[in-house]
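Each remark here refers to the structure printed beneath this line.
The values are calculated or read from the model by the stated rules, or taken from the named source; none is laboratory data. Note that the structure is predicted; figures quoted are calculated from it, not measured. All Cβ positions, even for glycine, are placed from backbone atoms using ideal geometry, and neighbour counts span all protein chains on display.
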Amino acid sequence: MKSLYKYLFLIILTQISYGQSMNFDMLHGNNNPNLVGDSIKLEKRTFNAFKKMEKAALMDGIELKIISAYRSYDRQKTIWNNKYLRFTKDYNLEPEKAINEIIRFSTIPGTSRHHWGTEIDIIDGKYEVNDDEDVLIAEKFKKNGVFYEMKKWLDSNSENYGFYIVYTDDQKRKGFEHEPWHFSYKPISMELLKLFRKSDLKKVIKNGEIKGSEYFTNEFIEKYIKEYILDINKDLK
Ligand SMILES: [Zn+2]
């Protein structure tokens with residue numbers, strides 16, 4: 001019984017210490033104090049869990065390669081603004097159409113789960129990527145696709161290490177399209193999602209630095225939060 005109390009006390013202590021190094025700013029991609037790593041940055045517990053999974057995969061002959069992990073607000077803003085310019089200028093799309101095209105796969109800056117350091121996009125490290133090749137294509141993860149073997153391994157093992165698919169292939173799910181490459185470290189990201197929902201998302205989304213944000217109506221923002229942020233794998237909510 002004594003050891004049970006000790007265990008509970010430790011859990012509470014961990015929660016408190018984690019809570020102290022947490023702030024809304026960090027949830028929106030700025031000043032995250034919990035990151036480790038060089039070119040690929042992750043929240044530290046996510047990093048350790050990934051290292052364990054990576055090692056286990058390697059024992060089975062699978063090379064997991066992270067191609068995207070933590071992303072700052074500024075990085076996401078660059079991605080967004082470049083896409084907005086490409087779709088509106090090069091492809092001549094109306095602003096609303098361009099925005100709907102961008103949010104098939106990319107988030108509005110400030111709302112990316114990649115800001116949290118708990119998310120990873122993975123491909124098979126054995127596969128040689130050409131410079132101009134787009135590797136994050138769902139077909140490549142399906143049967144006969146180059147990443148199928150790796151994907152099968154992840155489907156059977158990743159949850160044992162805490163990593164869950166966010167944007168599932170459930171036909172009834174709305175929001176972002178199916179991303180078989182994107183995994184979230186559940187023990188941390190579930191807590192962060194709770195905090196994230198308490199933040200002033202409307203203010204974050206309606207930011208003048210984001211190209212096209214003048215076309216974000218209240219109706220659009222509400223739909224974006226309900227479908228794109230919250231219609232995810234139910235195991236992560
Ligand atoms: Zn991703």
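Say whether the condition of being part of a loop (DSSP other than H, G, I, E, B), farther than 26 Å from Asp200 by Cβ and within 16 Å of the ligand (Cβ to nearest atom) is met by at least one residue in region 50-67.
No, the conditions are met nowhere in region 50-67.
For region 178-194: of the residues being part of a helix (DSSP H, G or I) and not acidic (Asp, Glu), which is surrounded by the fewest Cβ atoms within 10 Å (Cβ to Cβ)?
Lys194
Here is a check on your reading of the model: is Thr111 more than 30 Å from Lys89 (Cβ to Cβ), touching a residue at least 40 places away in the same chain (Cβ under 8 Å), in a loop (DSSP other than H, G, I, E, B) and under 14 Å from the mean Cα position of the chain (by Cα)?
Spelling it out, it is not the case that Thr111 is more than 30 Å from Lys89 (Cβ to Cβ), touching a residue at least 40 places away in the same chain (Cβ under 8 Å), in a loop (DSSP other than H, G, I, E, B) and under 14 Å from the mean Cα position of the chain (by Cα).
Does Arg197 satisfy being out of contact with any Ser or Thr (no Cβ under 9 Å at 6 or more places or on another chain) and in a helix (DSSP H, G or I)?
Yes; evaluated as a whole, the condition is true for this residue.
Please go through region 64-107 and pick out each residue that is within 22 Å of Asp25 (Cα to Cα) and acidic (Asp, Glu).
If the condition is that a residue be within 22 Å of Asp25 (Cα to Cα) and acidic (Asp, Glu), then Asp74 is the only one that fits.
Count, please, the residues in region 65-108 that happen to be among the aliphatic types (A, V, I, L, M), in contact with a strand residue (DSSP E or B) (Cβ under 6 Å, 6 or more places away or on another chain) and without any contact (Cβ under 8 Å) to a residue 60 or more places away in the chain.
2
Tally time: how many residues in region 155-177 are crowded, with 17+ Cβ neighbours inside 10 Å and free of Cβ contacts under 8 Å to residues at least 60 places away in the same chain?
1
What number of residues within region 114-134 are modelled with pLDDT of 95 or more, of a type in the set (Val, Ile, Thr) and assigned to a loop (DSSP other than H, G, I, E, B)?
1
How many residues does region 150-191 contain that are over 25 Å from Lys223 (Cβ atoms), among the β-branched types (Val, Ile, Thr) and within 12 Å of the ligand (Cβ to nearest atom)?
0
Test each condition in (1) free of Cβ contacts under 8 Å to residues at least 24 places away in the same chain; (2) more than 20 Å from Ile108 (Cα to Cα) for Lys206 and report the one that comes out false.
(2)
Can you name the residue in region 123-148 that is touching a residue at least 24 places away in the same chain (Cβ under 8 Å) and out of contact with any helix residue (DSSP H, G or I) (no Cβ under 7 Å at 6 or more places or on another chain) and is also nearest to Ser106 (Cα to Cα) among such residues?
Leu136
Quick check, is Glu96 acidic (Asp, Glu) and in contact with a helix residue (DSSP H, G or I) (Cβ under 8 Å, 6 or more places away or on another chain)?
In short, yes.
Take Thr46 and tell me if it is within 16 Å of the ligand (Cβ to nearest atom) and part of a loop (DSSP other than H, G, I, E, B).
So Thr46 does not fit the description; no.
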